[in-house]
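Inspection log for the structure reproduced underneath, given as structure tokens.
The values are calculated or read from the model by the stated rules, or taken from the named source; none is laboratory data. This structure is a prediction, so every number in the text was calculated from the model and none was measured. Please note: Cβ atoms are built from the backbone with ideal geometry, for glycine as well, and neighbour counts cover all protein chains shown. Surface accessibility is based on the protein's heavy atoms, side chains included, excluding ligands, DNA and RNA. Shrake-Rupley method; radii C 1.70, N 1.55, O 1.52, S 1.80 Å.
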Amino acid sequence: MANPFELGPDRLRTPCDPSIFEFETTRNITDGAVIFGQERAAEAVQFGVQLHGDGYNIFAHGPEGVGRRYLVEHYVSAAARGRPSPPDICYVNNLADANKPRLLMLPAGMAIRLKKDIEELIQEIDTALEGAFETEEYQSRLHAIEEEFRDKPAHGFEELQKKAKARGLTMIQTPLGIAFAPVGDNGEVVSPDDFRKLPDADRERMQKEIQDLQSEVQMVLRQTSRWEREMRAQVKELNREVAAFAVGHLVDEISSGYGDQPEVLAYLAEVRQDITEHARDFQQLGEAQAANPAAALAGGANIWSKRYALNVLVDNGSLEGAPVIYEDNPTYENLLGRIEHVAQMGALVTDYSLIRAGALHRANGGYLILDARKILMAPFAWEGLKRALQSRQIRIEPLGHAMSLVSTVSLEPEHAPLNLKLALIGDRSLYYLLCQHDPDFGGLFKVSADFEEITNRSIANQQAYARLATAIIRKRDLRPFNRAGISRLVEHAARVAGDAERLSLAVGDLSDLLRESDYEAGRNKRDVVTDDDVEKAIEARVFRSSRVRDRMRDEVLRHTIYIATTGAAIGQINGLSVLQLGQYAFGHPVRITARVRPGKGEVVDIEREVELSGPIHSKGVLILAGFLGARYARDFPLALSASLVFEQSYTGVEGDSASSTELYALLSAIAGAPIRQSLAVTGSVNQRGQVQPIGGVNEKIEGFFDVCRERGLTGDQGVLIPASNVKHLMLRKDVIEAARAGQFHVYAVETIDQGIEILTGIPHGTRDESGAYAPDSLGDRIQRSLREMATKQIAFVKASEDRPKL
């Protein structure tokens with residue numbers, strides 16, 4: 001008689017019927033789906049893209065590989081196409097203060113045109129000025145000015161010489177300046193000795209006259225300084241006049257093309273004024289640099305270019321709509337821009353031409369997409385980004401200055417206004433951690449786009465999944481898939497979801513499997529990918545990742561790890577665990593044993609005592625004592641001491657999926673009822689004895705099946721799972737074929753009573769009105785054993801109390 005809890009082979013896997021697809025191959029599908037199963041996230045992204053306001057930035061969160069970036073870029077790109085191209089961003093030299101470069105925001109495409117115009121102007125400046133300053137008219141006027149002011153000091157000193165001669169003195173030039181000395185009758189300068197021999201009155205008179213003449217010398221020298229200033233002023237005015245005549249019309253020609261751009265006109269006017277003021281000085285400096293290669297190399301070959309050239313940070317002339325930028329390396333400088341330096345004469349120097357754009361500049365007026373984890377890992381990038389969003393300005397400053405770590409002089413470029421929509425992409429854990437720990441986060445990212453991992457496996461969704469696969473096939477230029485191949489993909493999506501009624505939305509995994517299946521079809525020289533190719537691709541993927549699984553299975557088969565698949569034993573049972581290594585998960589059986597004796601009602605979890613179990617596993621074990629006491633020891637104390645252990649387990653144990661397994665081992669040990677070792681068990685349990693669902697049910701079943709198959713299927717082997725996990729079953733075809741042949745069994749139980757009956761072959765029984773179980777039932781054996789332990793414990797305590805105390 002068949003066991004009522006055994007699942008038929010048709011319930012172990014929910015296949016995808018190829019007939020639900022109306023195409024023969026994906027080549028016949030006209031529309032490939034780009035968005036599938038992410039209606040909630042898509043609505044959130046659309047809302048965030050279309051609503052413009054402070055803080056309505058988007059955080060797209062969900063597991064890796066569900067198409068977060070693709071969906072965000074899809075809606076952002078669509079919105080960007082309907083928006084105008086933002087202005088170009090440029091910096092020019094602040095001719096009044098070189099440390100504070102000025103910002104120019106120009107209509108898209110104008111920056112490059114202005115840059116070329118200014119470059120042409122720079123090329124013409126030298127030629128125009130050289131010609132202007134070499135004309136005969138300029139040279140003659142310059143010579144006239146110099147001659148005029150050269151004669152004035154000479155005339156003043158001639159007058160002083162005449163006055164000195166009239167007073168018996170002469171003017172002489174000494175290393176210390178102009179001096180006066182008395183002259184004798186012979187016209188020779190009187191020596192100091194002869195001067196001291198003169199009468200006192202004559203000496204005093206001469207000294208007085210020398211002092212007066214010295215005062216006049218000072219007056220002449222002061223006039224000479226004033227005349228030199230007047231000469232320089234006249235020369236400078238002449239240079240201004242000549243420079244304005246030489247280059248003024250060149251600047252006017254450029255200005256005529258930017259009549260509707262007042263900022264450009266203002267800058268060109270400043271350039272014109274600056275050339276007029278400094279043309280001759282810079283021309284002479286340029287000539288000196290040209291004559292000295294070392295100086296030219298250090299200072300730059302063209303001084304006009306370094307002073308007037310346009311530094312274009314962002315050119316949006318080629319854009320059609322607003323920019324969409326994804327910054328793969330969102331460091332502080334890559335986001336906010338940087339100021340570079342060059343080495344000159346052993347020192348690092350910089351100027352406005354070395355300002356470089358960041359992602360915020362390139363995305364300004366459009367959309368910026370960033371990876372949340374990457375920006376949080378980059379030092380100070382998160383704080384810099386928040387500051388820019390809050391102030392709506394892009395401040396380019398070295399990181400050391402921004403963090404007040406250094407105080408050296410640097411450029412202070414004018415801040416650029418910021419207007420963009422930001423989308424962060426990250427895990428849910430990051431999103432909720434930022435919500436909890438960053439007080440600014442909620443105000444800056446008001447739109448949460450929560451991506452799903454799975455969706456319902458309805459016929460409509462399976463058809464949509466086929467369209468999604470088609471879109472990827474065409475994008476990757478892969479071979480078309482036939483209906484059977486698509487059906488196998490759908491089944492794999494359900495297996496990845498761990499639920500026969502759901503489909504995984506892991507687009508990345510689907511894309512990889514499509515490519516790998518196409519590879520298998522190519523190896524088999526097929527033009528169309530079939531279900532066999534998909535199956536081989538899945539098997540190859542498992543093979544590449546299964547080294548550890550195979551090594552562990554080998555140790556079981558070699559009896560290094562003790563797992564029995566035949567016979568029966570008291571207090572010993574096969575549990576099922578799942579190991580996750582990278583992207584690959586596999587099931588592995590583990591032996592669990594229980595030992596009991598009279599005690600204080602404690603169930604000792606050895607894993608917990610040695611700190612090898614996590615809190616969830618410990619919770620599951622603690623539930624067992626509550627179940628035993630409530631079910632079997634209502635009218636007497638629970639007086640057993642039990643120990644539970646995962647045999648040959650040397651690493652941590654977590655989760656409560658083995659709590660029902662541990663309870664079965666415990667009941668077996670209490671009742672003295674052997675458990676069939678041909679069966680393995682998984683499932684958690686509550687205090688009422690209900691078996692609850694667990695994860696990884698497919699991997700666990702297949703892990704025990706593989707061990708049994710390697711040892712030889714006897715027809716008595718199988719697995720007990722929670723009945724609530726039946727809807728999750730998507731087992732391999734070889735497991736199903738073994739079940740169909742009666743060589744392997746899968747039992748679905750709802751209660752501990754049902755499970756223990758299958759494991760021991762003994763009916764558990766039910767309580768009668770008096771609270772007793774039917775004689776010789778498993779429940780009766782457990783209750784009697786617990787009562788005996790309680791009696792022995794009470795007797796032992798009483799004897800201890802009656803024993804004389806020394």
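The table for this structure:
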read-out: Rounded percent of accessible protein surface that carbon and sulfur make up, the range 477-542, 1.4 Å probe; value: 42 percent
read-out: Per-selection Rg to Rh, the range 463-544 - Cα, Kirkwood hydrodynamic radius; value: 0.93
read-out: Greater than 27 Å apart at Cα, pairs in LYS536/LYS700; LYS619/LYS733; LYS700/LYS733; value: LYS619/LYS733
read-out: Estimated distance in nm for a label pair at SER391 and ASP512, the labels positioned 7 Å out from Cα along Cα-to-Cβ; value: 4.3 nm
read-out: Prolate/oblate/rounded call for the range 501-554, Cα gyration tensor, a/c under 1.5 rounded; value: oblate
read-out: Approximate spin-label separation ARG558-SER140, in nm, with each point projected 7 Å along Cα-to-Cβ; value: 11.0 nm
read-out: Taking only Cα atoms of the range 725-806, radius of gyration then Dmax in Å; value: 22.0, 73
read-out: FRET efficiency, ARG547 to ARG634 (Cβ-Cβ, R0 56 Å, nearest 0.05); value: 0.60
read-out: Calculated P(r) of the range 679-785 - Cα pairs past 17 Å, %; value: 58 percent
read-out: Accessible solvent surface per residue of the range 74-146, calculated while the other protein chains remain in place, 1.4 angstrom probe, Å²; value: 50 Å²
read-out: Spin-label pair ASN28/ASP200, simplified geometry with 7 Å Cα→Cβ offset, distance in nm; value: 14.0 nm
read-out: Filter on LYS600/LYS798; LYS116/LYS306; LYS115/LYS386 - keep pairs with C-alpha separation over 21 Å; value: LYS115/LYS386
read-out: Net charge, MET730 excluded, C-beta distance under 9 Å - Lys, Arg +1, Asp, Glu -1; value: +1
read-out: Hull shadow area, averaged, the range 6-132 [alpha-carbon convex hull, nm²]; value: 18.3 nm²
read-out: DSSP bridge orientation in the range 369-520 - percent antiparallel, rounded to nearest 5; value: 60 percent
read-out: Förster-model FRET efficiency, 56 Å R0, GLU737 and HIS52, C-beta, rounded to 0.05; value: 0.40
read-out: Stokes-Einstein diffusion coefficient of the range 1-62, Kirkwood radius over Cα pairs, 20 °C, 1.002 mPa s, in µm²/s; value: 125 µm²/s
read-out: Difference of contour (0.36 nm per residue) and Cα-Cα distance, GLN648 to THR714; value: 21.2 nm
read-out: Residues HIS415 and VAL726, FRET efficiency given R0 of 60 Å [Cβ-Cβ distance, rounded to 0.05]; value: 0.40
read-out: Three-way shape label, the range 307-361, alpha-carbon gyration tensor, a/c 1.5; value: oblate
read-out: Extension reserve of the MET219-THR766 stretch, reckoned as 0.36 nm per residue once the Cα distance is removed; value: 183.8 nm
